[in-house]
Amino acid sequence: MINAVRACSLLALAVAAMGCGRQDNGAAATGDSAAVRTIEERGRAAFSACAICHSTKDPEAPGYAQMVGPSLFGVYGAKSGHVATYDYSQAMRDANLTWDEATLDRFITRPNDVVPKTRMAFVGEADAEKRAAIIAYLKTLK
Ligand code: HEC
């Protein structure tokens, strides 16, 4: 290991472009960062499509800023209409769903199919991989 470190610093200039000094990770060395990201990290990136309308902050915390949609903090496993201070549509109030994996997956695919007349103006995410990543990220919001 010491030898490797010394060789690394001696050859730093020559091998800098090959990723010397970075973590020994084949995927990182080839620049394939998607392969080293966890599903939650990919979900966080994909969540940018949701973040224009949804906060991920605790709605009960001081300084919480209400956005167009309700915060999705704590949404995983909760009942539909889970933010007490948010003015949901009648459709969402009557929906009586539990936001588990299957229900979230269907809702994110096509919100209007699951909650007809929902006020969530989002056409849907067709990519199943992205939906799974978003749901994995939602689970971390607690
Ligand atoms: C254009 C704004 C907008 C976008 C984009 C959007 N949403 Fe929403 N979302 C809303 C609104 C508004 C509601 C409340 C709907 C209602 O009351 O009918 C909502 C409700 C929800 C709910 C129900 C929350 C609860 O408390 O029951 C979930 C879950 C949800 N959105 C997830 C997502 C996810 C995940 C994405 C991204 C893939 C997303 N939304 C994108 C506006 C949006």
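Taken together, the values in this text are just the output of simple stated rules run on the coordinates, not laboratory data. Treat the numbers as computed from the prediction; the structure is a model and nothing was measured. With ideal geometry, Cβ positions are generated from the backbone for all residues, glycine too; neighbour counts draw on all protein chains shown.
What the table below lists for this structure:
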quantity: Verdict on Pro70 being within 10 Å of the ligand (Cβ to nearest atom) and either at positive phi or not basic (Lys, Arg) (or both); calculated: yes
quantity: Some residue of region 55-66 being within 9 Å of the ligand (Cβ to nearest atom) and farther than 19 Å from Asp105 by Cβ; calculated: no
quantity: Exclusive hit being more than 7 Å from the ligand (Cβ to nearest atom) and either within 15 Å of the chain's Cα centre (by Cα) or not in a loop (DSSP other than H, G, I, E, B) (or both), set Gly43, Gly77; calculated: Gly43
quantity: Filtered residues of region 94-105 (kept if near the ligand (Cβ under 8 Å from one of its atoms) and surrounded by fewer than 12 Cβ atoms within 10 Å (Cβ to Cβ)); calculated: none
quantity: Helices (runs of 4 or more DSSP H) completely within region 80-137 that count 1 or more residues being among the basic types (Lys, Arg); calculated: 90-95, 101-109
quantity: Pair list, Cβ under 9 Å, 6 or more apart: region 115-138 residue farther than 24 Å from Asp87 by Cα and of a type outside the set (A, V, I, L, M), other residue near the ligand (Cβ under 7 Å from one of its atoms) and outside any helix (DSSP H, G or I); calculated: Arg131/Glu125; Tyr137/Phe47
quantity: Test: residue in region 83-95 that is within 14 Å of Cys50 (Cβ to Cβ) and out of contact with any helix residue (DSSP H, G or I) (no Cβ under 6 Å at 6 or more places or on another chain); calculated: no
quantity: Residue in region 80-93 that is nearest to Leu141 (Cα to Cα), counting only those that are among the hydroxyl-bearing types (Ser, Thr, Tyr) and near the ligand (Cβ under 6 Å from one of its atoms); calculated: Ser80
